[in-house]
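Heads up, the thing below is written out as structure tokens.
Each reported figure results from applying straightforward, stated rules to the coordinates on display, with no laboratory input. Just so it is clear, the model here is predicted, and its values are computed rather than measured. Note: ideal-geometry Cβ built from the backbone for every residue, glycine included; neighbour counts use all protein chains shown.
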Amino acid sequence: MFTGLIEEMGEITGVTDGVDGRSLRVRAARVGPTLMSGASIALNGVCQTVTDLPGPTEFAVTAVGETLRRTTLGSFRPGRRVNLERPLRVGDRLDGHWVNGHVDGTGRILEVRHEGRDVSFRVGLPPGLGRFVVEKGSIAVDGVSLTVGEVETDSFRVYIIPKTRELTLFGTYRAGDEVNIEADILAKYAAKAMAEGGRAAGGRGTEGLGAWRPQAREVFEAWERGDR
């Protein structure tokens, strides 16, 4: 589990294809020395397992076929910079939002807009993901926890503070760049629950909401009675 607060930008130093997948070697001066074999690490929002420690500031991960199909890791080459974050520890502050490191798909930077000191990015959504994105909700782009500014049919806009541009890849993005996107896990569970409610009621779509209304009413009535 991650929070979407990037700790360091590392650099890809090697890419090797093998029978188990594609091995990526990463140099990270701050994060690298703290890792051990078997530990988890997020690369541009993709949760990976450390498979090797080739040097004091280097680590390696192996991306399997599903990861290469779903994320941007298949395009990584030596010299590329990557956002890095270690997992959340019990007792740590949750300053971003719950980020699983399980990327839903890739989108593209459609526009970079400068308005005075403000910089915003419009990001295209992969098919089917728009229903999980809401204005002022949370979303992870290349592992960075962000608040959605506005939502359009197939894209959303985020507003980036100077510190985020300094510490993450948002300081390098240009229109056309491909990024990993992970929707808020709460939105995905809510959508699944609504869909299952609709099937239980023998209907689909908005009928799912109707199926949940009696249960929601019972909960609220119990709360008012003090049935905690």
Rg/Rg_globular for the chain, with Rg_globular taken as 2.2 N^0.38 Å and Rg from C-alpha atoms: 1.16
At most 15 other Cβ within 10 Å, DSSP loop - GluC sites (Glu not before Pro), segment 148-199: E152
Exposure proxy ranking, count of Cβ atoms within 10 Å, fewest first, for D95, D184: D95, D184
Per-residue ³J(HN,Hα) for segment 78-95, Karplus 6.51 cos²θ - 1.76 cosθ + 1.60, θ = phi - 60°, Hz, x for Gly and Pro: x, x, 6, 8, 9, 6, 10, 8, 7, x, 5, 9, 4, x, 6, 6, 9, 8
Estimated FRET transfer efficiency when R0 is 30 angstrom, pair T147-R27 (beta carbons, to 0.05): 0.45
For segment 8-85: relative contact order, % (alpha-carbon pairs under 8 angstrom, 6 or more apart): 40
Relative contact order [Cα under 8 Å, 6+ residues apart], the chain, whole percent: 20
Restricting segment 1-99 to trypsin sites (Lys or Arg not before Pro) in coil, as DSSP defines it, with at most 15 other Cβ within 10 Å: R30, R89, R93
Taking segment 108-184 and dividing mean pair separation by its residue count, relative contact order in percent (alpha carbons under 8 Å, at least six apart): 37
Length released on extending from H114 to R93, taking residue separation times 0.36 nm less the Cα-Cα span: 4.4 nm
Local net charge near E182, Cβ-Cβ under 10 Å (Lys/Arg +1, Asp/Glu -1): -2
Using θ = phi - 60° and Karplus 6.51 cos²θ - 1.76 cosθ + 1.60, couplings along segment 145-161 (whole Hz; Gly, Pro as x): 6, 9, 9, 5, x, 10, 10, 10, 4, 10, 7, 9, 10, 10, 10, 10, 7
Translational D in µm²/s for segment 8-85 (Stokes-Einstein at 4 °C, 1.567 mPa s, Kirkwood Rh from C-alpha pairs): 107
Over the chain: helical MRE at 222 nm, DSSP H runs n ≥ 4 each giving -39500 (n - 2.57), nearest 500: -6500 deg cm²/dmol
Convex hull of segment 108-184 built on C-alpha atoms - directionally averaged projected area, nm²: 4.6
Förster radius 45 Å - calculated FRET efficiency between K163 and T16 (Cβ-Cβ, nearest 0.05): 0.80
